[in-house]
Structures are given as structure tokens and as C-alpha cells.
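Please read the structure below before turning to the comments.
The values are calculated or read from the model by the stated rules, or taken from the named source; none is laboratory data. Bear in mind the structure is a predicted one, so any value in this text is a computation, not a measurement. Note that we place each Cβ from the backbone using ideal geometry, even for glycine, and neighbour counts take in every protein chain shown.
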Amino acid sequence: MQGPFMFFGKSVAAALVGVCLALPVSAQDVTLRLHHFLPMTDSVPREGLVPWAETVEEQSGGRIAIEFYPSMMLGGAPANLFDQARDGVVDLAWTVLGYTPGRFPKSEVFEMPFLVTNAEDTSRAFQRFVQEHAMDEFAGVKLIAVHTHGPGIFHSRDPITALEDIEGMKIRGGSRVISAMLADLGAEPIGMPVPEVPEALLRGTINAATIPWQVTLALRTSEIVGHHTEFAGDHGLYTQTFAFVMNRDAYDRLPDDLRAVIDANTGIEWAGRFGAANDADDVVARAAAVAAGNTIVTLGADETERWRAAAQVTIDNWFAETEAAGIDGRGLYVRAVELVDEESGS
């Protein structure tokens, strides 16, 4: 977000980067600035980014230090984070891929309806998928890890107990694909980054939001709305995709032994750890909603199947879009399903 969190202008940040990059990197300490849009109390920074930074600092013998800049403290909007890392405005960034529509067309497959199981297994599957099929989408950066959140659900002012209940309802969608899915299901999607959700719910700009349980802790969503809707079965309604990336020049300028530290903390194990952090807080957040006296509806198998059938339009449309762009979306989807099943033990 911008406003009070914009402590540094883009020009100042760019100038600071220029000074830092002008300094040679040898055996001296290296400070890397990590920018993201969440408060540090959220599970991703608390249980993912901070442990990653502590591990890197320890394995480097203290020669690498990580500085955290949460809640968009270095300016810009969440949608700018990937470019900030790519362009060297910051050294490291964690962001939502769906905030830049159309930029990661192959990675989008993990946002397809009813693909996600839990965050840890789906994140490991997503990391494997990117390494197999989508590394070109991250060519401008050093990719540390990708991951997903757990099953996304509805958090609403009024109860959602059947597909018809969302007809015409204004619902927050977190990405192009998720908004398309909401429209296909009959809702009126309103796209916005997740930090904007609480105010939008309070003002009535939206009547419901699609977010995972985990995010409701930082956003205090369960204090704003009183109804939550989950789905039957092993697969959730949707998930979003995230990437933790490093500026390529900042990585390349490290001496070999420090690059090795970064490399040792890149890939599937950290993808799984980021996912596991989401899973753990999903449990905590759901319990908090129960303790608050909120209503939690779990749709039955037959009703869930109705939603699956209605959401198939979203998948079919994505196949057509990717085919038009010269991408074998159908083949990517089949592989994504295989990887999720493998990691989930299905």
C-alpha cells in the first residue's frame, strides 16, 4: 500500500541502489533489503521469510544481513514488487504473481479452481512445476522459491450456503483468474490486493472476500464479517501463487561462497516451508473465527460438485486463452494435477 507507508520515493530508493551496486562485493558484509506488502505478524513473513533470513545469515557466518521492509515501506504498490526486485530498487521481494495479470501465463495454472489440496503439498508441486515448465517467466530475477496459500474460501457478511447465494454479490478477487472464476460462478468480482480487503468490507465496497483462513488473522477479517464458507473434499476452491525473488545483479555480485549460501536456500524445501506456514495459521485462524461465534458453513459433497461443474468454464476458457497465446495450457494443467496428486499422496 502507499500513503503513510511510503517512507522513500522511488528516485531516492533507486539512488540508494545505485550507490550500493557501485561498491565491490568481496569478503565484507552484504546487506540485502527485503520488501513485501504484509505486516510482519503475518505467517508468511513470521514463519517463512524470517526463518529464511536467519538461515542465510547463520550459514554465511554473519556476512549476509537481511533488512526487512514490510507493508510496502519502500514505496510503490504490491503489484510493483516483482519489478522492484528485477530492476534493483530492492534486493529481495516477496509478492503475489497474480497482481500482474498476464505476466506469468504458465504459472497461472495453479490458480485453476479445485486444484489446491493444502498449502505445503501444493507449494512443493508448484515449485516442481515452475522448475519444469516456467523458469522463463522468472528469467529477469534469481528465483528463491514459489508457493501457494491453502484453500481459499468465502468470508461474507451474509451466509453463503449454495451457489445461488453469490449471484450478483460483490466479491473480492485476488487475481485475474480468480476474478474470472467468480464471474463464471455468477458473482460480481472486484479485484484488489489483499491489504485493501478490510476497508472494502467495512465500507461495503464488497460484500465478501475470497481469501484463505491464514490471512484473516492479519486482516482481522473475522471481526468484520460473521460468515465463512468452505467446501467438501480434499481440494479447495482456489489458491493464489506467490514468488520470493532476488535481484539478479545483487546475486551475481556476491562472491562464490555467498552465492552458494543463497543457492542452498533456494527451491522445493523452502517452497514447502512457506506453504506449511500458511497451513499452520489456517488452523489458528479458523479456531479464532469459531471462538468469535462466527458461522462456518462447509458445503456438502453434492453442493460442492455443483460449484466444480460451474467453475469448469473458467478452466476451459483458460485453455482457449493459452492456446491462442501459443501455450499448451491443457498439457500444463494435466501436469499440474499430476504434481499436486504426487505431493499430496493422492
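Miscellaneous remarks
- Checked against the criterion of being touching a helix residue (DSSP H, G or I) at 6+ places or on another chain (Cβ under 8 Å) and closer than 26 Å to Pro78 by Cβ, region 290-310 has no qualifying residue.
- Test: residue in region 103-113 that is surrounded by fewer than 21 Cβ atoms within 10 Å (Cβ to Cβ), more than 28 Å from Thr304 (Cα to Cα) and not hydrophobic (A, V, I, L, M, F, W, C): yes
- Condition check for Asp121 on (1) in a loop (DSSP other than H, G, I, E, B); (2) buried (at least 23 other Cβ atoms within 10 Å of the Cβ): one failure, at (1).
- Against the criterion of being under 30 Å from Gln127 (Cβ atoms) and either in the same structural domain as Thr322 (by TED's automatic domain parsing) or in contact with a helix residue (DSSP H, G or I) (Cβ under 9 Å, 6 or more places away or on another chain) (or both), Ala208 does not qualify.
Rundown of residues vs (1) at positive phi; (2) without any contact (Cβ under 8 Å) to a residue 24 or more places away in the chain; (3) buried (at least 16 other Cβ atoms within 10 Å of the Cβ); (4) in the same structural domain as Met135 (by TED's automatic domain parsing), yes/no style:
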position	(1), (2), (3), (4)
Ser222	no, no, yes, no
Ala232	no, no, no, no
Asn247	no, no, yes, yes
Ala260	no, yes, no, yes
Asp263	no, yes, no, yes
Ile268	no, no, yes, yes
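- Here Val89 meets the list (1) at pLDDT below 95; (2) buried (at least 16 other Cβ atoms within 10 Å of the Cβ); (3) in a loop (DSSP other than H, G, I, E, B) almost entirely, failing just condition (1).
- Selection of region 129-171 for residues being farther than 28 Å from Ala336 by Cα, buried (at least 22 other Cβ atoms within 10 Å of the Cβ) and in contact with a helix residue (DSSP H, G or I) (Cβ under 7 Å, 6 or more places away or on another chain) yields only Ile160.
- The number of residues in region 124-155 being over 23 Å from Val283 (Cα atoms) and assigned to a strand (DSSP E or B) comes to 5.
- Per the listing Leu81, Leu49, Leu74, the residue uniquely part of a helix (DSSP H, G or I), closer than 19 Å to Glu196 by Cβ and at pLDDT 95 or above is Leu81.
- Residues that are under 17 Å from Leu38 (Cβ atoms), of a type in the set (A, V, I, L, M, F, W, C) and not in a helix (DSSP H, G or I) within region 177-225 comprise Met192, Ala209, Ile211, listed in sequence order.
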